[in-house]
Amino acid sequence: EAGVVQSPRYKIIEKKQPVAFWCNPISGHNTLYWYLQNLGQGPELLIRYENEEAVDDSQLPKDRFSAERLKGVDSTLKIQPAELGDSAVYLCASSSRDRLGELFFGEGSRLTVL
Amino acid sequence: QQQVKQSPQSLIVQKGGISIINCAYENTAFDYFPWYQQFPGKGPALLIAIRPDVSEKKEGRFTISFNKSAKQFSLHIMDSQPGDSATYFCAASKGGTSYGKLTFGQGTILTVHP
């Protein structure tokens, strides 16, 4: 069974440029999460989807961040414009309806903003 | 607000020794307490989890001890091996549909010397 797939793995951009990250969850997992992990810190939830509905986006900085999960499968997280402080690893995770507490994380997308 | 505090930040143990990592939480509504293991360049992976209706859970060499009155829980790794060298995160979440909305601790970097 394929795990959570994220791309790109690494991205280097200049500040004020836009960037997008893509996530394909485990097949059949209806819940999808985007977490932010700063260097040396634990992940922090940005947004949680139940199918295509964003049910928890209180931690998403909506002035520059946006996310979508069309058709309730894969998802895209966008930052526009990026700031220096956005340099971090963006983790995507998914879980199944019958095991909500078991999150399967992807390897993450590491963003460096210069 | 740091709702889950983890200690120590780093830990060095000899092969065969016991590794102990501690966490304390503030929110009494938390109902689910997992531990995640993360290797460099990888996403976190669920190691073991506990709910507050039990005081201890053991899976192989890994044991969670839970003290509800003190709002503390800990991870014990018995017979620690060099392959256990990784960053460990405790986490907590509320029950129901919020199991996956995890609040993570800051992480503990474990090094097991051969």
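If the chain linking residue B:94 and residue B:56 were pulled fully straight, counting 0.36 nm for each residue of separation and taking away their Cα-Cα distance, it would gain 11.8 nm. Only the Cβ atoms of Lys and Arg (+1) and of Asp and Glu (-1) were treated as charged; on that basis the dipole of the protein assembly as shown about its Cα centre amounts to roughly 300 debye. If only the Cβ of Lys and Arg carry +1 and only the Cβ of Asp and Glu carry -1, the dipole of chain B around its Cα centre is close to 120 debye. Arranged from fewest to most other beta-carbon atoms within 10 Å of their beta carbon, B:80, A:66 become A:66, B:80. A Cα-only calculation for chain B places Rg and Dmax at 13.5, 43 Å. Per-residue shielding of A:42-49, expressed as the average number of other chain Cβ atoms within 10 Å of the residue Cβ, stands at 5.
For chain A, compute the number of Lys pairs whose alpha carbons are separated by less than 17 Å, excluding pairs fewer than 8 positions apart on the same chain.
Lysine pair count for chain A: 5.
Once R0 is set to 22 Å, what does the formula 1/(1 + (r/R0)^6) return for the Cβ-Cβ distance between residue A:112 and residue A:80, expressed as a FRET efficiency to the nearest 0.05?
Approximately 0.85, to the nearest 0.05.
Each peptide in B:93-106, A:48-61 was scored by the mean count of other Cβ atoms within 10 Å over its residues; highest first, the order is B:93-106, A:48-61. Take every DSSP beta bridge whose two residues both sit in the protein assembly as shown; close to 90 percent of them are antiparallel.
With 0.36 nm allotted per residue and the present C-alpha distance subtracted, the residue A:7-residue A:57 stretch has 15.8 nm of extension available.
Taking the Cα centre of each part, how many Å lie between region B:22-40 and region A:1-80? If we compute the Cα centre of each part, the gap is 22 Å.
Placing pseudo-labels 7 Å out from each Cα toward the beta carbon at residue B:10 and residue A:22 gives an inter-label distance of 3.9 nm. Taken over region B:1-88, lysine pairs spaced eight or more positions apart, or on distinct chains, with alpha carbons under 22 Å apart number 8. Structural size metrics of the protein assembly as shown, computed from C-alpha coordinates, are Rg and Dmax of 17.6, 50 Å.
Shielding of peptide A:96-105 by partners, expressed as the average count of other chain Cβ atoms within 10 Å per residue Cβ, is 6. Which residue, chosen from B:54, B:37, B:22, occupies the Cα position most advanced towards the positive end of the dipole of region B:17-73, where the dipole is computed from +1 (Lys, Arg) and -1 (Asp, Glu) charges on Cβ about the Cα centre? Value computed over the given set: B:37.
Computing Rg and the Kirkwood Rh from the Cα coordinates of chain A gives a ratio, Rg/Rh, of 0.95.
Here each label is just a point 7 Å from Cα along the line to Cβ, and for residue B:113 and residue A:38 those points are 3.2 nm apart.
Quick note: the coordinates plus some simple rules give every number you see, no bench work behind them. Keep in mind the model is a prediction, meaning the values are calculated, not measured. Cβ coordinates were reconstructed from backbone atoms using ideal geometry, including for glycine residues, and neighbour counts include every protein chain displayed.
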